[in-house]
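Asks: My structure is below; once you've seen it, I'll send some questions.
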Amino acid sequence: MARKISGEATMEELKELEMLLMQFPELQYAFTIVEDIQAVNPANGFTPEEESRLASEGLDRMNLFLQQSQDTAVVRKMAPWKVMAAVAAMVAVLLSVWALWPASPDRQAFRNEVVTKTGSKTSVVLPDGTTVVLNACSRLQYDATRFLNGDREVGLTGEAYFDVKHDPAHPFIIRTGPVNIRVLGTVFNVKAYTEDATVETTLLSGKVEVSFPENGSGQKVVQLQPDQKLVIANHKHQPAQDSKKANFSITPVKNTNAGTADSPDAEKPTTAWINDRFDFDNVTFEQLSHDLERWYNVTLRFKNDRYKHEVFTGAFRKQGIEEVLQALQLMSGFHYEVNTKENVIYIW
């Protein structure tokens, strides 16, 4: 972790750290501590007021870290004093290592990061008051210090629902791979998983401007209106023979119901996941399998590729993975086997 912050990590080490943080999101707490240390100036030290503030913030974050155990796969339980001692020892070592290494100008742009695991979601309020809800297997990166100075920029991998604080003087920028989204104050959803065939931006209110590379003609800029969804092809998953086809489309957003007296607002499938509703509309089984894997913390493997191209539309709320598969099975006729030991589901 410290080698990455100092700019001395090799590409192999960076890839290994990325995989470890994805596999063990609880390590993100330690990594955030290492990132925060980069602001420390060992020669000048802290004023008493700074020491008091940092101590208070550290205790708050430590308590938050210990309270998040319900989202962590526990292998064995440790006494609270052991956990605190381990974290304290780790921080002490990292502080020592940081003090020995010189500052590097090539540090990453984002010092703060929020990561969600498979089958979970979380919400975060950014320093400017913007609310973000992260879906499973997602990563949001930002720099709290830059936010406070008006530089509202975040990096996103995965899916997130944004309710951006209105500030015309300081545009809000989202960077996700080659796609950039620019907003002033609006509500929208972004789905940009690296393993998915598309990147989707759905606007619910306000206005957003999306820029992305277009096949053979440089950058394309698209402005969305409310209740429009922009779908951009992921070049990594686009067949070579389709390279000259339009790599994006804009479609209206459908409502899954007309609303009721108790729930007057019609629910949109794009953001239904926030309310624990799993919606999908006209997607192939292969595309759907990625969502099922993230939603239910399983791995799907196709023994018969023919079923990858089956198309499904449906909605589920809090049903288990086998209930979902049984419903899909009625429409398609495939067979499946659940290997609980390996947490793998085979489709044929």
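The values are calculated or read from the model by the stated rules, or taken from the named source; none is laboratory data. All figures in this text were calculated on a predicted structure; none of them were measured in a lab. Heads up, the Cβs are rebuilt from the backbone with ideal geometry, glycines too, and the neighbour counts pull from every protein chain shown. Please note that ligands, DNA and RNA were not included when accessible areas were found on the heavy atoms of the full protein model with its side chains. Shrake-Rupley method; radii C 1.70, N 1.55, O 1.52, S 1.80 Å.
Asks: Tell me whether the range 315-328 contains one or more residues that are closer than 20 Å to residue 119 by Cα, β-branched (Val, Ile, Thr) and outside any strand (DSSP E or B).
Replies: Yes: one or more hits.
Yes or no, residue by residue, for (1) assigned to a loop (DSSP other than H, G, I, E, B); (2) modelled with pLDDT of 70 or more:
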{"site": "188", "(1), (2)": "no, yes"}
{"site": "194", "(1), (2)": "yes, yes"}
{"site": "209", "(1), (2)": "no, yes"}
{"site": "215", "(1), (2)": "yes, yes"}
{"site": "223", "(1), (2)": "no, yes"}
{"site": "258", "(1), (2)": "yes, no"}
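Asks: If we keep just the residues of the range 165-201 that are polar (S, T, N, Q) and touching a residue at least 40 places away in the same chain (Cβ under 8 Å), which is surrounded by the most Cβ atoms within 10 Å (Cβ to Cβ)? If you could, list the steps in order and put the result at the bottom.
Replies: Initial filter on the range 165-201 (polar (S, T, N, Q)): 176, 180, 186, 189, 194, 198, 201.
Filter once more, keeping what is touching a residue at least 40 places away in the same chain (Cβ under 8 Å): 189, 194.
Values: 189: 22, 194: 13.
Of everything passing the filter in the range 165-201, 189 is surrounded by the most Cβ atoms within 10 Å (Cβ to Cβ).
Asks: Does residue 283 satisfy the criteria of being among the β-branched types (Val, Ile, Thr), modelled with pLDDT under 85 and at negative phi?
Replies: No.
Asks: Does residue 292 satisfy the condition of being surrounded by 19 or more Cβ atoms within 10 Å (Cβ to Cβ) and in contact with a Leu (Cβ under 7 Å, 6 or more places away or on another chain)?
Replies: yes
Asks: Between a residue in the range 136-164 that is farther than 16 Å from residue 190 by Cα and any residue that is basic (Lys, Arg) and surrounded by fewer than 21 Cβ atoms within 10 Å (Cβ to Cβ), which pairs come within a Cβ distance under 6 Å, given they are 6 or more apart or on different chains?
Replies: 143/111
Asks: I'm trying to understand the selection: among the residues of the range 107-132, which are open to solvent by 20 Å² or more (accessible area, probe 1.4 Å) and part of a strand (DSSP E or B)?
Replies: 112, 113, 114, 115, 122, 123, 124, 125, 131
Asks: Within the range 241-255, is there a residue that is at pLDDT below 90, under 20 Å from the mean Cα position of the chain (by Cα) and farther than 21 Å from residue 313 by Cβ?
Replies: So far as the range 241-255 goes, no, none of its residues is at pLDDT below 90, under 20 Å from the mean Cα position of the chain (by Cα) and farther than 21 Å from residue 313 by Cβ.
Asks: I'm checking my understanding of the structure. Among residues of the range 268-289 that are in contact (Cβ under 8 Å) with a residue 60 or more places away in the chain, open to solvent by less than 50 Å² (accessible area, probe 1.4 Å) and assigned to a helix (DSSP H, G or I), which one is nearest to residue 252 (Cα to Cα)? Reasoning before the result, please.
Replies: Here is the first cut: in the range 268-289, the residues in contact (Cβ under 8 Å) with a residue 60 or more places away in the chain are 268, 270-271, 273-274, 285, 287.
Cutting the leftovers down to open to solvent by less than 50 Å² (accessible area, probe 1.4 Å) gives us 268, 270-271, 273-274, 285.
From the residues that got through so far, the ones that are assigned to a helix (DSSP H, G or I) too are 270-271, 273-274, 285.
Numbers: 270: 11, 271: 14, 273: 19, 274: 20, 285: 23 Å.
Here the residue is 270.
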